[in-house]
Structures are given as structure tokens and as C-alpha cells.
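Visitor: One structure is given below, represented as C-alpha cells, and several questions about it will come after.
The values are calculated or read from the model by the stated rules, or taken from the named source; none is laboratory data. From a predicted model like this one, the values you see are computed outputs, not experimental measurements. Quick reminder, even Gly has a Cβ in these numbers, built from the backbone with ideal geometry, and neighbours come from all protein chains shown.
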Amino acid sequence: MLCDRCGENEPIVHFTKIEHNQIKSFHLCESCAAEEGVETGVSGGAVALTDYLAQLRPSDSSSLGPCAYCGLKLDEFKKSGRLGCSHCYVTFEPQLRTLLRRLHGATQHTGKVYLPPNPTAAERQERLAGLRRKLDKAVASEDFELAAQIRDMIRSLEGALQ
């Protein structure tokens, strides 16, 4: 398979773009992805999580204490690649932020929120609350097209609740 844009190099970035309810898949090489504004986070090949964790500076781990809730130390996280609890995200935030930016190209999730096939009423209410917050932000930023889409999503979820 070759890059969809230049047709010369092997693609390293594969993403799906949804625009006007149409799904388009793209397969881009590193240079074409950079031209499109997609941050690859790759330099000289893919980096394994354990390899990246091992590259963290020693000063990073010595200046931090263990997680106050589960007692996990940064050195243990570097060995296993697993956090001990949800509070570890706060304790090790600077290191995790750098790690996520390097691995994913961003530190904030921008995808869809998972809703199970048969959600409970509480899950639907939680999803509705999140959509209402997004609706408020869209209206405040005067993005009325997005606000209309969110409004329709809210109406469909509210219809499922009744």
C-alpha cells in the first residue's frame, strides 16, 4: 500500500475523517501527514511504550514520590507500562502528558464517547449531560451548525429514554 496523497511512500498514519456524514479513510506517509497538519509523533520508526518509558530522565522519577493512593512509583510504571489507579494520572501528569503527546500526537481525546449497545438509564443520563455541556459550549462559541447536530443527538437520546 502506498500513500494516498503522494503515491510514493509507505503510509504510517491511518485515520478516518467524518465530514458532512460521509466517512473517508486516509493512509498518509510521514511527510504528507505533516503537510496535512497531522502530528505523527514518529521519528525514525515506531517507538514502543516500554522503550519510551525507559528514556524518561532519572531526575523525573527521583523528584516524584509514589502515588498517594496506590503507592505506585514512576520506576514501577516504567517497567510495567501500567498505572496502579486513576489517581496516578494526576500524580504523574507531566510525564504522562509528554508520553501521550509523543505516542498519540495529542493529549486530549477528541473521538466519540462509547455508549454500550444496551445502555442503562444512568449511562444515557450521563451521555445527555455531556451533550448538554457540549451544546452550551457550541452556542457560546457561536458554532450553530455543531449546536444543531448536538441538539439532534440530544433529542434522539431523550426519545430513547421515554
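Visitor: Return the residues of the range 3-37 that are closer than 29 Å to A148 by Cα and in contact with a Leu (Cβ under 7 Å, 6 or more places away or on another chain); say none if nothing qualifies. Give the derivation first.
Guide: Within the range 3-37, the first condition is being closer than 29 Å to A148 by Cα, and the residues that meet it are 15-26, 36-37.
Residue satisfying the conditions is E36 alone.
Visitor: Against the conditions (1) over 17 Å from L99 (Cα atoms); (2) assigned to a helix (DSSP H, G or I); (3) modelled with pLDDT of 80 or more, where does K79 fall short? Just the number, please.
Guide: Going through (1) over 17 Å from L99 (Cα atoms); (2) assigned to a helix (DSSP H, G or I); (3) modelled with pLDDT of 80 or more one by one, K79 breaks only (1).
Visitor: I would also like to ask the following. Starting from residues that are part of a helix (DSSP H, G or I) and touching an Asp or Glu at 6+ places or on another chain (Cβ under 9 Å), keep the ones in the range 5-38 and report whichever is surrounded by the most Cβ atoms within 10 Å (Cβ to Cβ).
Guide: First, pick out the residues of the range 5-38 that are part of a helix (DSSP H, G or I): 30-35.
Restricting the remaining residues to those that are touching an Asp or Glu at 6+ places or on another chain (Cβ under 9 Å) gives 32-33.
Values: C32: 21, A33: 23.
Checking each candidate, the answer is A33.
Quick grid of which residues meet (1) in contact with a Ser or Thr (Cβ under 7 Å, 6 or more places away or on another chain); (2) closer than 19 Å to E93 by Cβ; (3) at pLDDT 55 or above:
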site	(1), (2), (3)
C6	no, no, yes
F15	no, no, yes
E30	yes, no, yes
G37	no, no, yes
V42	no, no, no
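Visitor: So, of the residues in the range 135-162 that are farther than 18 Å from E19 by Cβ and either of a type in the set (F, W, Y) or in contact (Cβ under 8 Å) with a residue 12 or more places away in the chain (or both), which turns out to be surrounded by the most Cβ atoms within 10 Å (Cβ to Cβ)? If you could, list the steps in order and put the result at the bottom.
Guide: We begin by selecting, within the range 135-162, every residue farther than 18 Å from E19 by Cβ; these are 135-137, 139-142, 151, 154-162.
Okay, now just the ones that are also either of a type in the set (F, W, Y) or in contact (Cβ under 8 Å) with a residue 12 or more places away in the chain (or both), so 135, 151, 154, 157-158, 160-161.
Working: L135: 18, R151: 16, I154: 16, L157: 16, E158: 12, A160: 11, L161: 9.
Among those that are farther than 18 Å from E19 by Cβ and either of a type in the set (F, W, Y) or in contact (Cβ under 8 Å) with a residue 12 or more places away in the chain (or both), it is L135.
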